[in-house]
1. Could you say whether any residue in the range 94-104 is part of a strand (DSSP E or B) and touching a residue at least 40 places away in the same chain (Cβ under 8 Å)?
2. Tally the residues that are under 21 Å from LEU6 (Cβ atoms), without any contact (Cβ under 8 Å) to a residue 40 or more places away in the chain and part of a loop (DSSP other than H, G, I, E, B), restricting the search to the range 44-77.
3. From the residues in the range 32-63 that are surrounded by fewer than 18 Cβ atoms within 10 Å (Cβ to Cβ) and hydrophobic (A, V, I, L, M, F, W, C), which one is nearest to ASP131 (Cα to Cα)?
4. Any idea which residue in the range 1-21 is surrounded by the most Cβ atoms within 10 Å (Cβ to Cβ), counting only those that are touching a residue at least 24 places away in the same chain (Cβ under 8 Å) and assigned to a strand (DSSP E or B)?
5. Among the numbered conditions (1) of a type in the set (Lys, Arg); (2) more than 23 Å from ARG17 (Cα to Cα); (3) surrounded by 14 or more Cβ atoms within 10 Å (Cβ to Cβ), tell me where LYS86 comes up short.
6. Looking only at the range 105-130, count every residue that is more than 13 Å from THR58 (Cβ to Cβ), assigned to a helix (DSSP H, G or I) and not small (Gly, Ala, Ser) and tell me the total.
7. All but one of (1) small (Gly, Ala, Ser); (2) touching a residue at least 40 places away in the same chain (Cβ under 8 Å); (3) surrounded by fewer than 18 Cβ atoms within 10 Å (Cβ to Cβ) hold for ALA24; state the number of the condition that does not hold.
8. With respect to VAL129, is the statement that it is among the aliphatic types (A, V, I, L, M) and under 13 Å from PHE45 (Cα atoms) true?
Amino acid sequence: MTPGTLTVDPDQRQIRRYECPCCAEPVERTWNMVSRDGIAYAAYFANSYHHADQDHDTWIDVIIGTWGEDSMTDHVTFGCRVGPVKNSPAPAATLVAACQDGSASELHGVVLSREDGLVHPRLPEFWSVVDYVLANDPTVNSHLYG
């Protein structure tokens with residue numbers, strides 16, 4: 001599948017702040033729909049953690065599929081962690097099991113493990129959405145690169 005042009009409607013972006021259960025520091029959760037060539041294509045959910053005495057990282061789940069009434073049958077959800085890694089001055093993304101926060105629902109469709117994600121044919125599309133989110137979601141971008 002060709003990558004196409006990814007966009008979001010910044011007015012539709014949602015943000016919620018809550019307290020981290022492990023350290024009581026803030027977590028910023030953002031989400032939005034991603035369109036490819038003007039057609040709804042994916043949804044992302046990004047949790048940016050401001051942990052006390054731990055790495056500040058962001059966990060991103062991306063649901064890829066068809067959007068509209070009764071269209072969840074082809075949904076697949078990938079997950080990744082983006083944050084500090086050894087021997088790198090910049091944060092890096094690592095594929096992980098999706099929905100580690102317990103958010104999986106019918107909307108997510110097939111929730112992939114890391115192992116299943118590594119061999120899934122839509123993995124390149126997932127990384128394209130993650131790259132887009134890292135560059136264009138202001139909360140995620142400032143948390144990781146600010």
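Any read-out appearing in this document is the output of simple, stated calculations on the displayed coordinates, not a laboratory observation. Bear in mind the structure is a predicted one, so any value in this text is a computation, not a measurement. Neighbour counts run over all protein chains shown; Cβ positions are idealised from the backbone, glycine included.
1. Checked the range 94-104: no residue is part of a strand (DSSP E or B) and touching a residue at least 40 places away in the same chain (Cβ under 8 Å).
2. 5
3. Our first condition is that a residue be surrounded by fewer than 18 Cβ atoms within 10 Å (Cβ to Cβ); within the range 32-63, this holds for 33, 35, 37-40, 50-56.
Now drop any that are not hydrophobic (A, V, I, L, M, F, W, C), which leaves 33, 39-40, 52.
On the way: MET33: 15, ILE39: 19, ALA40: 17, ALA52: 27 Å.
Going through the qualifying residues, I end up with MET33.
4. LEU6
5. Going through the list (1) of a type in the set (Lys, Arg); (2) more than 23 Å from ARG17 (Cα to Cα); (3) surrounded by 14 or more Cβ atoms within 10 Å (Cβ to Cβ), LYS86 breaks only (3).
6. Step one: list which residues in the range 105-130 are more than 13 Å from THR58 (Cβ to Cβ), which gives 105-129.
Keeping just the survivors that are assigned to a helix (DSSP H, G or I) gives 106-108, 114-119, 123-129.
In the following step, the residues that additionally are not small (Gly, Ala, Ser) were identified as 106-108, 114-116, 118-119, 123-127, 129.
Count: 14.
7. (2)
8. yes
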